[in-house]
Amino acid sequence: MGYAGLRRSDGQIAESVRRRVAVVTGTRAEYGALQSVLSAIATEPRLELQLVVTGMHLLPQFGATIRQIQQDARAAGRKWRLDARVRMQRGSDEPLDQAEGLARGVAGIARFLERAHTDIVLVLGDRIEAMAGALAAVTTGRLLAHIHGGDLAPGDFDQSLRQAITKLAHVHFAATRRSAQRIVRSGEKPRYVYAVGAPGLDRLRELIKICGPRQERSHEALVVYHATGRPASHEQRVMTAILQAARTAGLRRAIIYPNTDRGHRGILRAIELHRRTSPPDEVEVFASLPRDEYLRRLLQADVLVGNSSSGIIEAPVAGTPSVNIGDRQAGREPGGPSIIQAGESPQAILRAIRKALRLRPRRGGPSVYGDGRAGKRIARILAKLPLQRVLHDKRLLV
């Protein structure tokens with residue numbers, strides 16, 4: 001069988017039976033959202049999956065989640081494997097760690113793409129790992145496909161990265177119709193903008209069918225709070241307020257570590273202090289959770305508290321109220337009416353938690369983020385794209 005990855009002497013892609021698709025993953029959350037996409041690519045006869053692992057996955061202090069990826073790869077048998085490890089950040093809380101990590105990522109991923117004769121590079125979201133994959137793709141002449149472009153969420157400098165990746169990308173897999181419209185308004189060609197839904201809902205909707213309706217209250221808050229580039233001392237105060245509010249509301253706390261954004265050290269200090277000063281049966285702390293376990297925790301929790309995108313996208317479909325704190329997700333389309341916005345003071349957070357606990361959203365309802373079949377749509381589109389035409393059509397319409 002021939003492979004599309006072979007390049008002619010003029011550097012152009014030689015179209016043939018299978019396309020080599022390199023999927024870049026750098027964080028546990030984005031890897032979880034990508035799992036249905038990975039499975040769909042791996043089982044699509046016209047595609048060959050290549051998996052590039054980087055970023056937080058390689059950092060022991062954040063759970064060394066590469067082990068989970070290796071376990072998933074073994075479970076998938078010959079369908080997919082871990083093809084490259086590219087070390088980026090060192091886990092420091094200094095801005096230079098992000099900048100130097102980005103440079104290492106671009107160089108390392110580019111070397112892999114050349115060595116592996118990759119045709120298409122697929123990235124998700126707005127983090128520096130996705131940016132590294134995007135830059136490596138376009139500077140080595142690969143087609144770049146981007147998931148979750150057109151969303152609004154400032155994060156640290158996330159929104160700037162998301163928009164930059166959109167301008168680099170040749171093909172866009174938007175999570176909502178509104179996001180797709182933003183991409184088109186920015187000048188991208190409509191023929192290469194697809195509203196496929198959020199792949200993070202694919203497995204969640206499967207689990208809802210398995211788990212069925214909620215049976216009883218768990219009296220537990222799932223806490224996922226990320227830094228937004230502010231000083232570590234500020235982020236520590238906010239995380240402390242979140243954990244105190246959940247305790248005052250009478251909830252057990254299942255706490256998951258933040259990502260590597262600037263200021264994360266303060267959040268880790270707040271978590272450790274809270275763990276030491278709380279009864280053991282009230283607090284569980286996880287550096288990371290496998291995707292299925294995280295989704296099951298979300299399904300059983302009485303409330304999700306923090307500023308993760310899962311509070312906006314997955315929680316409403318899970319039927320779990322969420323308290324979204326601060327501006328990290330400002331502008332992102334709500335996935336349902338069960339999202340309560342809160343300021344960062346202990347009083348504001350406690351009021352929002354109590355309001356959320358009075359809600360009883362329906363599990364498995366409709367969402368602007370789609371019907372749970374995004375991964376299959378993405379694989380089908382990648383298998384049929386005319387690679388040369390798409391590469392040459394990358395011109396803005398504004």
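When the Kirkwood radius is taken over all Cα pairs of the range 232-314, what Stokes-Einstein diffusion coefficient follows at 25 °C and 0.890 mPa s, in µm²/s?
Working: Rh = 13.3 Å.
D = 184 µm²/s.
Please list the non-local residues whose amide H lies under 5 Å from the amide H of Gln50, H modeled 1.01 Å from N, same-chain partners needing a gap of 5 or more.
Val21, Ala22, Val23
Take the Cα pairs of the chain, get the Kirkwood Rh, then feed it into Stokes-Einstein at 25 °C and 0.890 mPa s and tell me D in µm²/s.
Numbers: Rh = 21.3 Å.
Approximately 115 µm²/s, per Stokes-Einstein.
Give the angle, between 0 and 90 degrees and rounded to the nearest 10, that separates the Cα long axis of helix 291-300 from the longest principal axis of the Cα atoms of the chain.
It works out to around 30 degrees.
Work out, step by step, the length gained on full extension between Glu284 and Thr248: first 0.36 nm times the residue separation, then minus their alpha carbon distance; give nm to one decimal.
Numbers: separation 36, 0.36 × 36 = 12.96 nm, distance 1.66 nm.
11.3 nm is the gain from fully extending Glu284 to Thr248.
Please turn the phi angles of the range 121-133 into ³J(HN,Hα) values with the Karplus equation 6.51 cos²θ - 1.76 cosθ + 1.60 (θ = phi - 60°), one per residue in order, whole Hz, x for glycine and proline.
10, 10, 10, 10, x, 9, 9, 5, 5, 5, 5, 4, x
Which of the lysines could a cross-linker span from Lys189 if the Cα-Cα distance has to be under 20 Å and same-chain partners fewer than 8 positions apart are dropped?
Result set, ordered by chain and number: Lys167, Lys384, Lys394.
Give me the one-decimal nm value for the distance between modelled label points at Asp327 and Glu206, 7 Å along each residue's Cα-to-Cβ direction.
The answer from the label model is 3.9 nm.
If neighbour count is taken as other Cβ atoms inside 10 Å, put Ser160, Ser338 in order from fewest to most. Intermediate results must be reported in sequence, preceding the final value.
Numbers: Ser160 13, Ser338 23.
With the sparsest Cβ surroundings first, the list reads Ser160, Ser338.
By count of other Cβ within 10 Å, fewest leading, how are Val303, Val323 ordered?
Numbers: Val303 27, Val323 30.
Sorted ascending by nearby Cβ count, the order is Val303, Val323.
Just to check I understand the Karplus step: with θ = phi - 60° and J = 6.51 cos²θ - 1.76 cosθ + 1.60, what whole-Hz values come out for the range 86-95, glycine and proline as x?
For the range 86-95, the Karplus-derived couplings read 10, 6, 10, 6, 9, x, 6, 9, 8, x Hz, x marking Gly and Pro.
Arrange the following residues from fewest to most other Cβ atoms within 10 Å of their Cβ: Ile165, Ile340. Spell out each step's value before the answer.
Values: Ile165 27, Ile340 23.
In increasing order of surrounding Cβ atoms, one gets Ile340, Ile165.
Between Glu94 and Ile381, what is the FRET efficiency for a Förster distance of 45 Å, r being their Cβ-Cβ separation, to the nearest 0.05? Don't skip to the answer; put the middle values down first.
On the way: r = 40 Å, r/R0 = 0.88.
Calculated value: 0.70.
Under a crude label model (7 Å from the Cα following the beta-carbon direction), how far is Gln181 from Arg275 in nanometres?
Once both label points are built, they end up 4.5 nm from each other.
Answer with one residue from Ile267, Ala356, Gly343: the one whose Cα lies farthest towards the positive end of the charge dipole of the range 204-357, charges on Cβ with Lys, Arg +1 and Asp, Glu -1.
Gly343
Per-residue HN-Hα couplings for the range 269-285, Karplus 6.51 cos²θ - 1.76 cosθ + 1.60 at θ = phi - 60°, whole Hz, x for Gly and Pro?
5, 5, 4, 5, 5, 5, 4, 5, 9, 10, x, x, 7, 9, 10, 10, 10
Enter the per residue convex hull volume of the range 204-357, computed from alpha-carbon coordinates, in Å³ rounded to the nearest integer.
Numbers: hull volume 16.0 nm³, N = 154.
Measuring per residue, one finds 104 Å³ for the Cα hull of the range 204-357.
FYI, it's all coordinate maths here, none of it is from the lab. Nothing here was measured: the structure is a model prediction, and the numbers come from that model. Cβ atoms come from the backbone with ideal geometry, glycine included; neighbour counts cover every protein chain shown.
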